[in-house]
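One structure below.
The values are calculated or read from the model by the stated rules, or taken from the named source; none is laboratory data. Computed from a prediction, not measured in an experiment: that's the story for all the values here. Positions of Cβ are generated from backbone atoms using ideal geometry, with glycine treated the same way; all protein chains shown enter the neighbour counts. What goes into the accessible areas is simple: the full protein's heavy atoms, side chains included, and nothing from ligands, DNA or RNA. Shrake-Rupley method; radii C 1.70, N 1.55, O 1.52, S 1.80 Å.
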Amino acid sequence: MSALPTAPGAGRLTGSAGATDGIPAASPVTLGRVLRSEWTKLWSLRSTRWSLAVAFLTQAGLGPLFALLEMGRWNQLSLGQRLFFSPIDHSLVGFHFSQLAIGVLGVLIITGEYSTGQIRSTLLAVPRRLPVLWAKLIVFSVVAFLLIFTGALIAFFVSNAIFTEHHVNVGLGAPHAFRAVLGTALYVTGTGMLCTAFGTMLRATAGGISTFVVILFVLPPILLLLPTGTADAINPYLPSVAGGSVGSALLSPHSFSPWGGFALFCGYVIAAILTAAWLLKRRDA
Amino acid sequence: MIEVRGVSKRYGEKVAVEDLTFTVQPGVVTGFLGPNGAGKSTTMRLILGLDRPTEGTATVAGRSYADLPAPLHEVGAMLEARAIHTGRSARNHLLALAQTHGIPDRRVDEVLDLVGLTHVARKRVGSFSLGMGQRLGIAAALLGDPHTVILDEPANGLDPEGIRWIRTLLIDLAREGRTVFLSSHLMSEIQQSAEHLIVIGKGRLIEDTTVADFVARASADAPVRVRGADPAALAHALTAAGAAVSLEADGALTVTGLAAEQIGELAAADGLVLHELTPLRVTLEEAFMSRTHEAIEYQPTGVPV
């Protein structure tokens, strides 16, 4: 039956075209199937697993680490520092790092395909293209959210257990506590999605990561060089400020409410994703 | 069946493909020939929906590629440029592709076995040789058991045994009634597996014919080597009869434009003694090169005026 002496499995090909058993002749591409494929892709790369591990460990571990340091030098803190000490925000400091890891990974899940040429294989399987972007965003955001939310909860409880030493601990029922924990996970996840959108637009790892770093880490300090009035007027609209407030217990008089700021941040993320989708659909791959 | 109708592709000012029209029929292997840079890869990318044509349409099974509900079952393609993430294992690469169509995992193992990569299935693609990467590309193309197979320069990086293997595979696929379309810049590679031939040069169609016809026409134009007692008189007579004659270092003449029979009759009529009359075989490679060369020479430079 097999006409291919060097290929032991060749018998499979010699059936009539498209009618081999076990493979339905027309098994269409669906969003569910693309989700499954993107799930496999996410976990089958070493760099992805590392980034996710770093994001989780920094989110869960840095809060408690800083809590230990703070409690150790509590008696050296000024009265003001002790009065305004926020056990919630101190427990969640890890987000500075987890946000970086998730942001870089958000860029890489799409630019890694462009730099290796994998995107061509991907788009040959899913030529309508947009399901690829939706599936990447869904798989990545669900994984990132669950990891960061779990990490933030661990950080919150462990840190507050450490804060009992000087009786400055709070519970998850304290004002703003749960909102800040949830908000941290939402903000970091949103950052990751924003980065996937940048990566899709720029199709290059370096460009994607630079854009992300400039917008989230370079713009805020640059703004301080402007006259105070101007800086205060612009500041609440920065993605990092608008989005970050939902993850913090401290309310700033110069910015939006936590959820109001987060809504604006979501608006930025959606605008970036729609631009990315439009470019992905329109451009030659 | 692949149908390309009036397809042009311009990247800014640069014309990659100009008004191409051809059909690739099922049941035979069709070779797609052209020198490097002729537009073969671009044409394949246009058929596969990776690039959008500036004008015209390209369809597979009557639909544009992007409209196929299950593209991997309809078309299996391997592009020349690398298209695989180097950090993933061969098996996971195929698995992720299979899952988009709900193709079962065991089919992944089957195609790995078919291309002889089972023993390295769990190794990272980055560690693969060029030939192994090529085999993995072929495995991906066969994953959905497609009706149409499109391969861009499949022999690249394969050893002679691998080239033989792929030739047999392609002929078998065509015999099963599939459409097989493969590109190459080497005629010798195509002539052993293809029956039909599409030749392009500078993005334009030069030939759309059978390999047999192409060979026949190439041999008809083949030069003839002639040696005689009086080369000067012989050359004079042949030139007068409309042939092009050139004198070789050993005193022989290379004659083009007349068949060996005509030259012999002409010499007999003029009473000229012949010592040798040898029709020279033009290799397909040469025929192909001269055809594409002409096409390039007589085309405008490609920049619209």
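Taking region A:237-263 as the region of interest, how many residues are closer than 14 Å to A:Thr191 by Cβ, of a type in the set (A, V, I, L, M, F, W, C) and in a helix (DSSP H, G or I)?
Residues that pass the stated criteria total 4.
Among the residues of region A:157-170 satisfying the criterion of being touching a helix residue (DSSP H, G or I) at 6+ places or on another chain (Cβ under 7 Å) and not in a helix (DSSP H, G or I), which is nearest to A:Val246 (Cα to Cα)?
Per the stated criteria, the residue is A:Val170.
Filter region B:157-166 down to residues that are within 11 Å of chain A (Cβ to nearest Cβ) and open to solvent by less than 60 Å² (accessible area, probe 1.4 Å) and give me whichever is nearest to B:Ala194 (Cα to Cα).
Among those that are within 11 Å of chain A (Cβ to nearest Cβ) and open to solvent by less than 60 Å² (accessible area, probe 1.4 Å), it is B:Ile166.
One residue is enough: does region A:232-240 have a residue meeting the conditions without any contact (Cβ under 8 Å) to a residue 40 or more places away in the chain and either under 22 Å from A:Pro87 (Cα atoms) or in contact with a Cys (Cβ under 6 Å, 6 or more places away or on another chain) (or both)?
Yes, some residue in region A:232-240 is without any contact (Cβ under 8 Å) to a residue 40 or more places away in the chain and either under 22 Å from A:Pro87 (Cα atoms) or in contact with a Cys (Cβ under 6 Å, 6 or more places away or on another chain) (or both).
Would you mind finding the one in B:Leu33, B:Leu46 that is within 21 Å of B:Leu197 (Cβ to Cβ), of a type outside the set (D, E, K, R), away from every other protein chain (no Cβ under 11 Å) and crowded, with 23+ Cβ neighbours inside 10 Å?
Going through B:Leu33, B:Leu46 in turn, just one is within 21 Å of B:Leu197 (Cβ to Cβ), of a type outside the set (D, E, K, R), away from every other protein chain (no Cβ under 11 Å) and crowded, with 23+ Cβ neighbours inside 10 Å: B:Leu33.
Filter region B:93-140 down to the residues that are free of Cβ contacts under 8 Å to residues at least 12 places away in the same chain and assigned to a helix (DSSP H, G or I) and list them by number.
B:Ala96, B:Gln99, B:Asp105, B:Arg106, B:Glu110, B:Asp113, B:Thr118, B:His119, B:Ser127, listed by residue number.
Being within 14 Å of chain A (Cβ to nearest Cβ), free of Cβ contacts under 8 Å to residues at least 40 places away in the same chain, part of a helix (DSSP H, G or I) and not basic (Lys, Arg) narrows it down to one residue among B:Asp172, B:Asp213; which is it?
Answer to the selection: B:Asp172.
Kindly evaluate A:Leu52 against the criterion of being in contact with a Gly (Cβ under 6 Å, 6 or more places away or on another chain) and touching a residue at least 12 places away in the same chain (Cβ under 8 Å).
Considered against the rule, which asks whether it is in contact with a Gly (Cβ under 6 Å, 6 or more places away or on another chain) and touching a residue at least 12 places away in the same chain (Cβ under 8 Å), A:Leu52 comes out as no.
Restricting to region A:117-145, name every residue that is part of a helix (DSSP H, G or I), facing another protein chain (nearest Cβ under 7 Å) and open to solvent by less than 10 Å² (accessible area, probe 1.4 Å).
Listed by number, the residues that qualify are A:Gln118, A:Leu123, A:Ala125.
Mind listing just one residue for me: the one in region B:92-116 that is more than 8 Å from chain A (Cβ to nearest Cβ) and surrounded by fewer than 21 Cβ atoms within 10 Å (Cβ to Cβ) and, of those, farthest from B:Pro69 (Cα to Cα)?
In this case the residue turns out to be B:Asp109.
Residue under question is A:His176, and the condition is that it be open to solvent by 30 Å² or more (accessible area, probe 1.4 Å), within 17 Å of A:Pro87 (Cα to Cα) and at pLDDT 90 or above; does it hold?
yes
Within region A:130-146, is there a residue that is out of contact with any Gly (no Cβ under 6 Å at 6 or more places or on another chain) and farther than 30 Å from B:Ala140 by Cβ?
The answer is yes; a qualifying residue exists.
Would you call A:Ile270 among the hydrophobic types (A, V, I, L, M, F, W, C), open to solvent by 40 Å² or more (accessible area, probe 1.4 Å) and closer than 19 Å to A:Ala144 by Cβ?
yes
Do any helices (runs of 4 or more DSSP H) entirely within region A:1-103 hold 1 or more residues that are open to solvent by 20 Å² or more (accessible area, probe 1.4 Å) and either at pLDDT 90 or above or within 14 Å of chain B (Cβ to nearest Cβ) (or both), and if so, which?
A:31-43, A:46-72, A:87-91
Scan region B:202-211 and tell me whether some residue there is under 30 Å from B:Ile150 (Cα atoms), out of contact with any Phe, Trp or Tyr (no Cβ under 9 Å at 6 or more places or on another chain) and aliphatic (A, V, I, L, M).
yes
In region B:177-215, what residues are aliphatic (A, V, I, L, M), open to solvent by less than 60 Å² (accessible area, probe 1.4 Å) and either modelled with pLDDT under 80 or within 25 Å of B:Leu280 (Cα to Cα) (or both)?
Within region B:177-215, B:Met187, B:Ile190, B:Ala194, B:Leu197, B:Val199, B:Ile206, B:Val211, B:Val215 meet the criteria.
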